[in-house]
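Okay, structure first, notes after.
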Amino acid sequence: MESAVSDGKAWIAELRSYVGRRYGVIHAWDAVNASMIRQWCEAMDFDFAPFAADTAADSVHGGMVAPATMLPVWLMPGLRNTRPPGSDLTNPREVMTVLEREGYIGILGTNCEQEYERYLRPGDKISTTHMVEAISDEKQTKFGPGFFITFLQEFFDQHNAPVGRMRLRILRFKPQPKVEQKPLRPSPPQPALSQDTAFFWEGLQAGKLLIQRCAACHTLRHPPGPACTSCHSLEWDTVQASGRGKLFSFVVMHHPQHPAFDYPHPVGLIELEEGVRLVAPLAGTDPDVLEIGMAMEVVIEAVEGEHRLPNFRPVKKG
Amino acid sequence: MTKSLHISDVRAGQELPSFKVPVTITSVMATALATRDYQPVHHDLEKVKSLGNETVFTNTHTTAAYLEKLVMQWAGPDAFLKSLKLRLGVPNYAGDELTLKGKVTSLDPLTQRVTIAIVGSNSRGDHVIAELVVELREPANV
C-alpha cells in the first residue's frame, strides 16, 4: 500500500522492486587484525584487556579478540569506495540512487541493530551479504517527506559460518528549505492621503524627503497645507530636502503602544537644514543618547504596509 | 586483571557506572577514521554546514562503540556482547559532551544474559536510546 502522497508515481514501483533483493558476497579488505583493533580502542578511549595484545592472553578468551561493534567496520569499503577482488561489485545500496534521483537527497541513520555469534579474532577473514529488507511508505518526518529503508547485512567467517548480522534503518528525505519566520509585524498606522499630503508620501516611496514650497514667494512649509502662510498663494511645488538637520525636540513614547514599533519609542521634531521642522520617528536609537541640537540624518525605511517612514538617526561622529 | 561480574551480583534496576565523552572535531574525525568511515559529515566542516548541520558529528559505529564500552567495562573481561539495538535521536555534534547512562532491565541466570537499557544524551537532548544484551560468559561452543 502506498500512501496518498506517493500514489500513482511510476518510480514507486521501481523503488518497491528492490524490497527483498539480495546481493552477492563482499569480502573485507583486511583480516581481523591487532593494529586496527588497537587504533579503534585508542580512538574510543577504551582500554579493555581482551582487546589488547599484551593482556589478552591471560583472559578467558585465551588470546586477543575484537570489539563486537567493530563487526561492520571490517567490511567498510574505505576511502576509494571499492571492494577487494572476488567481491560482488553491484552496489548493495543501489536503491538509494533511485531516491536520490527523485530528490530524496537527505540521509539520516535512524536505527541500528547488531547481533553477534562469537568474538572475532585476529586472522578471521570476514565477508558479508546485503539485502534490502524493507522500504516504508512515504512518511512525513520533521526533516521533510521521506522513506525509511532497512538493510540487512549478514556476516560470515572464512569457513562460511555466520558470525553476526546488522540491520540498518536509513531515512532518505527531501530536505525542506528552512523558512525564516520573521515575526509578523503589523504596519504602522497608514496616512490618509489628501491632495495636499500625497506628494510627501509618494516622495518617500521614491526615496526622497520632499518639502512643500510656495511657488510665488518660495517659502518652505511643513506640514503640508493648501495655502502659503506667508503670501497666501495657493500655488506650490516641492523641493527635495538634504535629509540632514538638528534635533529640535523629542519625546519618548512608552504608552500607549502600537505593535508596529519597538518601545520605548523616541519621536523627534527635526529642524531640517532647509529651515522647516518635521515630526519623525527616531526608531533604533537609544533615547539616552539623544540630545537637543544634535546632528541628525534621515534613513527612509520600509515598514510593513504600503508607505515608508522618514526615520532619523544621529549623524555618526568622525 | 579486572574481575568479571558474576550473575549473582546483578539485580534488575541496577545502574551501570555512567561516563561522559567530550566530543571534539578531533575525536569525531579520529573515531570516524578508526571505523573506516570517510563520509564528509564526519570531517568536512564546510560540507557538513552546507547540508544544514551545525558542525561535524560522530558516526553510528562510534555511538555503538561507546555503548559497548559502557556495558563491557561494567561486565568485565569474561563477558560477551550478544546484541545491540539503538535508535538515534539528536546528532552528537563536536563541541558537545555525550553522557551515557545504563540500567539493568532484566537478567536470566540460566543463560547468564543481562539486558541493559542505555540513554546517551548531550546538550541537545537524547542522542541515542539503546538496548544491549551481554552474556557474562562467552558461549562455550566456539
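How large, in Å, is the protein assembly as shown by the Kirkwood hydrodynamic radius built from its alpha-carbon pairs? Let's see the in-between values first.
On the way: mean 1/r = 0.0359 Å⁻¹.
Result for the protein assembly as shown stands at 27.9 Å.
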#### Entry: Spatial separation of Cα centroids for the stretch B:1-71 and the stretch A:111-150, in angstrom
18 Å
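For chain B, what D do you get in µm² per second when you plug the Kirkwood radius from alpha-carbon pairs into Stokes-Einstein at 25 °C and 0.890 mPa s? Before the final figure, lay out the partial values.
On the way: Rh = 16.0 Å.
Rounded, D is 153 µm²/s.
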### Message
Of the candidates A:Glu113, A:Glu154, A:Glu273, which one comes out as most mobile in a Gaussian network treatment of chain A with C-alpha springs shorter than 10 Å?
### Response
A:Glu273
### Among A:Thr90, A:Gly78, A:Tyr104 - extreme Cα towards positive end, dipole of the stretch A:1-118, charges at beta-carbon
A:Thr90
### Task
Ignore the peptide's own chain and count Cβ atoms of other chains within 10 Å of each Cβ in A:112-123; give me the average, rounded.
5
### Message
What are the extents of the Cα atoms of the stretch A:18-69 along their three principal axes, in Å, largest first?
### Response
47, 24, 19
### Query
Within the stretch A:71-98, what residues put their amide N at less than 18 Å from the label point 7 Å along the Cα-to-Cβ vector of A:Arg21?
A:88-98
### Task
Name every cysteine in the protein assembly as shown that ends up alone, with no second cysteine's Cβ under 4.7 Å, or say none.
A:Cys41, A:Cys112
### Task
Note down the magnitude of the dipole of the stretch A:10-173 about its Cα centre, charges +1 on Lys and Arg C-beta and -1 on Asp and Glu C-beta and zero elsewhere, to the nearest 20 debye.
500 debye
### Query
What order do you get for B:Lys49, B:Lys69, A:Lys316, A:Lys208 when you list them from fewest to most C-beta neighbours inside 10 Å?
A:Lys316, B:Lys49, A:Lys208, B:Lys69
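If you rank A:Glu138, B:Glu97, A:Glu274 by fewest surrounding Cβ atoms within 10 Å, what's the result?
Working: A:Glu138 22, B:Glu97 13, A:Glu274 18.
The most exposed by this proxy come first: B:Glu97, A:Glu274, A:Glu138.
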### Query
In 10 Å bins starting at 0, how do the alpha-carbon pair distances of the stretch A:198-314 split up by percent?
14, 41, 33, 11, 1
### Summary
Whole-Å distance linking the alpha carbon centroid of the stretch A:4-61 with that of the stretch A:259-318 is 65 Å
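Helix-only mean residue ellipticity at 222 nm, chain A, DSSP H runs n ≥ 4 weighted -39,500 (n - 2.57), per residue, nearest 500. What is it? Show your work: numbers first, answer last.
On the way: 5 runs with 37 residues, N = 318.
Taken over chain A, the calculation gives -3000 deg cm²/dmol.
Explain nothing, just the number: relative contact order of chain B, from Cα pairs under 8 Å at least 6 residues apart, as a whole percent.
Working: 294 pairs, mean separation 43.2, N = 142.
Relative contact order here is 30 percent.
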### Message
I'd like to know which of A:Leu210, A:Met253, A:Val32 lies farthest towards the positive end of the charge dipole of chain A, counting +1 on Cβ of Lys and Arg and -1 on Cβ of Asp and Glu.
### Response
A:Leu210
### Task
Using only Cα atoms, find the angle between the long axis of helix A:34-44 and the longest principal axis of chain A, and express it within 0 to 90 degrees, rounded to the nearest 10.
30 degrees
### Task
Along each of the three principal axes of the Cα atoms of the stretch A:10-173, give the extent in whole Å, ordering the values from largest to smallest.
60, 35, 28
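Past the 21 Å Cα-Cα mark, which pairs from A:Lys246/A:Lys317; B:Lys69/B:Lys101; A:Lys139/B:Lys103; A:Lys9/A:Lys174; A:Lys142/A:Lys174?
Numbers: A:Lys246/A:Lys317 14 Å; B:Lys69/B:Lys101 12 Å; A:Lys139/B:Lys103 33 Å; A:Lys9/A:Lys174 16 Å; A:Lys142/A:Lys174 11 Å.
Over 21 Å apart, Cα to Cα: A:Lys139/B:Lys103.
Please work out how much length the chain gains when fully extended from A:Leu108 to A:Gln205, using 0.36 nm per residue of separation minus the C-alpha to C-alpha distance, in nm with one decimal. Mind showing how you got there, number by number?
Values: separation 97, 0.36 × 97 = 34.92 nm, distance 4.82 nm.
Working it through step by step, the gained length comes to 30.1 nm.
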### Tilt relative to chain B, helix B:25-34 - C-alpha long axis, 0 to 90 degrees, to 10
60 degrees
### Task
Let me know the mean shielding of A:100-111 by other chains, meaning the per-residue number of their Cβ atoms within 10 Å of its Cβ.
2
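Give me a single rounded figure for B:34-46: the average over its residues of other chain Cβ atoms within 10 Å of their Cβ. Let's see the in-between values first.
Values: counts 11, 10, 13, 5, 6, 1, 0, 1, 0, 0, 0, 0, 0.
Mean partner shielding for this stretch: 4.
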## Note on the structure
In terms of the charge dipole of the stretch A:43-161, which places +1 on Lys and Arg and -1 on Asp and Glu at the beta carbon, the residue among A:Val132, A:Ala56, A:Asn160 farthest towards the positive end is A:Val132
### Task
With +1 on each Lys and Arg Cβ and -1 on each Asp and Glu Cβ, and nothing else charged, work out how big the dipole of chain A is about its Cα centre, in Debye to the nearest 20.
400 debye
### Query
According to a simple spin-label model (label point 7 Å from Cα along Cα-to-Cβ), what is the distance in nm between B:Ile25 and A:Gln158?
4.2 nm
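Here, each number is a calculation from the coordinates, and none is a lab measurement. Keep in mind that this is a model prediction, so the values were computed, not measured. For neighbour counting, all protein chains shown are included, and Cβ atoms are generated from backbone atoms with ideal geometry for every residue, glycine included.
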